Each structure stands twice: as structure tokens, then as C-alpha cells.
Amino acid sequence: MTRGSYSTPASSNRRPPAADLTVSDPRTYIWHDYGHTNTSSITPSEFLLPVLAAQLADKWLEVARENGQSMQTLTASVRRFLTHVGSQPRAADRAQPFGLGDLRRRHLDAWEMDLLAAHREAKTDTHYRYAVYLFALLDRIQDDTPEVLHPEVVRRLESDTRLRHHRNEGLPAFAPAEVRHMRSRAHRLVYGHLRLGADGKPGPAPPPPPPVLVAAHILLSLATGEPPEVIRALKVDDVTATAPADYDQAVDGMTPAARLAWLAERNLIDHYAVTWTKNRARESYQDVYTRHDHAAHRALTALIRLTAPLRARSNLSALWQQEQASGRITQPVWNSDLFRIRHWVDESGLVVSEPQVWGRFRKTVVAGEALANPRRYLNSKRRHRAETFFRHYTNSEVLRAEAGRLLLESANEMFEASLAGPTVVTPEAEQLLAAGQEAPGLDAATAAALLRGDLDGPQAACRDSRDSPFEALGDICTRSMTGTCFGCGNALITRHHLPAALAIAEVADPARAADPQVWLDHWKPIYEMITQMILPAFPPEDVEAARRRMASVPLDLGTRNDMRGTDDEA
């Protein structure tokens, strides 16, 4: 029985809230931001539906602690949702308070429609994130405690939100002239400060003021291309310094911070192994910088020297430190005016285009790397997947200036591959050849021999096995059982050869490659030729029939198989 369009129907399997659930106690998450302690709370008793608020707040706090993040967007989303549902009409004679089991699809739909209206007017993704985060929290509740949520709510969560991500124009990279001027100014500030001694005497420099720390940040950003939040999170334990063995005895017994400072002050560090951590992606990775990586090596050394005296006094492990006017040592408050790029640019008297934000330094580095070697950049996936790169980074003026050249080179590579690869004879073309008609690239004698099977090898047909690109002219090709035929211009592929194509595609799948470089050098062209050109040329039923005959294909990939490492010549 229901009362009103927004009332909750009686449910025989509705679970009452847990007896130990409290609605008066606030759920509070404590986190540290650049050395400062912050709190975020949800107090269930402040909402019209305190039981629902307590249940959502408990899961919110659990997720925040797991992720080690404040989850401020999720916090705001939960609060807004509770306020919205609390304002909807409900039955007046409820025996139990409104909880998670009373949520229905209409509650989610009404909340989502309100967000959608606001999202259409906004120029940000804030409302989109509210919807995505709340749905994710309810998904988590369903995973952890099945049957708590009503089935219609569970079904609604299986669909995406109606809100869509705004594809705003991304940040542009800084212009080359702007980069030169900012790097030059930052270099003068950092090394000018390091040359300062207390009262003009030799010794450690005084604590670095905000402009010097900003300058060091700029140098490290341009040298590494890492995001600002990743650079700012560096700690002593994230940096491993390697120096000549001659100095091991001198630093023996020192703390890691003291050892790092001692070696950096004397410029004795040959290698830095830096562990970068992306908290949002929950990903860590390591880069090694040698003296050949001039900019990164010097920037790291300068930063360690700048903050080493503060670290010795504070015992804080953070690599970035500053001394407040009160004498207290903390991490820099990067979101304050003194540490904003705009303030630093204005104080330096530079002319820099808008927007003056930290994220543009990363765009500058990424653009440079992509231009230097686009194939290597995209294949390595060190920075981003190709999809992310093209969606968010190709708005750089520098990249756009080169877009025509890159496009033409890519088209030329595809054209050359189509010419150099095998000739695919589709079932339709095979019928035309059988009827005596001519086909481009196949003379009558070759076509007749192909149809009779005279050109068949173990895996593919070959125009002339004594004219192999892999052997001396006149010698029989030795690659006919290694899968190489499917990247060879001599090969002729018909429906009869599909089982071998499928078998080689399975062997050459990149997921099976133990050595990525071997796969890129040898197997990538073959794999792409099979999956992108050969298989799509045939009807699905022919491919499926060939898949059932894969076991009969003769393969000779070597005892080690160069998918797992090339065989030794000896």
C-alpha cells in the first residue's frame, strides 16, 4: 500500500537499522594537507532523515579512510542528496525511521534531474561528479551488504548517470618563449639564494622564501613533467641517492635525510631514483635521473639543498618545507596566494599568457616529448594512454603546428604497410578468379596456381618461395612456419589460410609478450595486419569456422620463441 506519489511501499523484507546505529555522533575524517590538519564531518542528526544519513556517513567514512583522501566531492554529494531526499513527501505513520532500505528509484531520479538542470547551466563537472560519486557509494554499499538496497535501486545503479562529462577546452602548453623566461628567472632565484650565506659567511643558505620555493617547483616541473600534486608530495623516503662508494664511510650512520643533504651539498650524487605517487590514480612508479638528465638532476639537488636545514630542525620527512613568520616549520601552503604562479609571475615582472596555472607546465613537457618521438611516446604509455593524450593534450599550439606533418607521416606509414603486407583474396575475389576474371596485383598464372593450391605453404600461400625478402635470391624461404608470412608482401591469404592467421594472432597477442620491445619490433606489425586487415576482410562465419581448425596449424616458434626472448645465435 502506498500513500502519495513519493511514499515508500511496505516491504516484507525491509531490514530495520542496526541497533547500535547512532545518529547524534558526527562522522569525522581527519587528513593532512601540506602539513596542516583538516577535518571533514557529516553529522546525521542535522538532517531530516538521520538514520539514512548515519548509514551513508558510515560508508563515506570507511571509503575515505581506505583511500587516505578527504573525498570532499563525495562529502558534498552525500550532504546534498540527504537534503534533497529529506525534502520529498513521505508517509506520516511510519513505524520505523527512513533508512537505506527505503530508498527507491524515484529518489535517485528526482535527485539526478535536479543535478542535470544545474549541470546544463554550469561550465564545470561539479554536478556530474556529485552523481557519479553518490552512485559509486551506493554501489559499494550493495557490494558490501547485498539485499540492503531495494532491487529497483540496484537495477538503476547498473545504468550510467544521465549527466555527461563536459569536454571543455583543455589547458594549453606555455609558449617556448614563456618557458625560457620563467626557467631563466627561476634559475636565478634558486641559485642566487643557494649562494647566500648566513651574515655573508660561507654556510647553509637562510630558509627559502615562497618565491624561491615556487622557482624550485617550476624547475622541477619543467624537468620531470610530473603533475604538481605529485611533485609536492615528495618525501625523503621517496628519493634514493646513489653516490661513489668512496663516500659510503663518510655517510655511514647518518639518517636518510642527513645523508641526502650531505651528498647533495657536495654535489656527489650520481643517480636519483625517485618514486612518484599519484594518489587519485592510486599508482606509484619510479624514475631514475642521472647526471645526463641535467635539468632533473640539478633541480632535485637544488631542492634538497634549499630545504635541508629546515628538515634538520623540524624532523619532517617532506622534501618541501618553509619557515613561517612565527618560526614554525611546515610544508608550503601551495593553495595560498604567495605560492600561486600568478603572484610569482607578477613579482618577477614577466609577461605570461592566461591562464597562469601549474598544470600548464606538464602540458609543455608532454608536448615536447610527443613532438620529439610521437611513436615512442604513445607506445610507452608512460604519461597517458593514447585516448587521454588525444582528448586532453593535443590542444597545444606547438602540437597543432605539427599536426599536419604527423598526420601525413601516419597516413604514409599505413599506405606503405598496405603495400608491403600480404595480398588478401576475399571469397568474392576468389570466385572472380575462378571464373577467369583478372584481379589487380595477380597475373593469370599466379591466380591459377593459387586456386590449385600449388602456392600453399604450411601457413599461407607464397608468390615465389625462392624470392623471399628474408633470404638470398634463389634460396628457399625458411620463415614459412614462424608466422612471418602474415607480414610479408609475397604472401597470398585466402579463406583456406584463416586458421593459421587466427593461431598466429593468438600467439602474437600483446598480452602474452614477455618482452615489450621484441613485440614492438617484430610481432606488432604481424598482429595488427591479421587483426585489422586480414580477419575483417572475411565474413564472420568463415572466421568462426576457421577458429575451430586452429589446432591443425603447424607452428615452429622455437624452443624459447622470441615472444619470450630471442634465441642465442651461438
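Bear in mind that the values in this text are calculations on the coordinates, not laboratory data. Keep in mind the model is a prediction, meaning the values are calculated, not measured. Cβ placement follows ideal geometry from the backbone for every residue including glycine, while neighbour counts extend to all protein chains displayed.
Assorted remarks:
- Mean Cβ neighbour count within 10 Å, used as a protection proxy, ranking 139-146, 303-310, 267-274 highest first: 303-310, 267-274, 139-146
- Order of Leu149, Leu520, Leu300 - criterion: other Cβ atoms within 10 Å of each residue's Cβ, fewest first: Leu520, Leu149, Leu300
- Note, ³J(HN,Hα) from phi for the range 529-546, Karplus 6.51, -1.76, 1.60, rounded to Hz, x at Gly and Pro: 4, 5, 6, 9, 10, 6, 4, x, 7, 10, x, x, 5, 5, 5, 5, 5, 5
- Annotation: amide H of Ala461 within the under-5 Å range of Leu492, Thr494, sequence separation 5 or more or interchain, hydrogens built in the peptide plane.
- In sequence order, the range 81-87 has phi-based couplings of 5, 4, 5, 5, 5, x, 8 Hz under the Karplus curve 6.51 cos²θ - 1.76 cosθ + 1.60, θ = phi - 60°, and Gly or Pro positions carry x.
- If you sort the three axes of the alpha carbon gyration tensor as a ≥ b ≥ c, you get a/c of 1.5 or more for the range 423-552 and a/b no higher than b/c, which makes it oblate.
- Karplus-derived 3J(HN,Hα), 6.51/-1.76/1.60, for each residue of the range 230-243, Hz, glycine and proline x: 6, 5, 6, 7, 4, 10, 4, 5, 7, 10, 10, 9, 10, 10
- Here Met529, Met113, Met481 are placed in order of increasing Cβ neighbour count within 10 Å, fewest first, which gives Met113, Met481, Met529.
- Simple label model, 7 Å out from Cα along Cβ direction - Asp287 to Ala245, nm: 3.0 nm
- Legend: ranking of residues Ser221, Ser336, Ser348 from fewest to most surrounding C-beta atoms inside 10 Å; resulting order Ser336, Ser348, Ser221.
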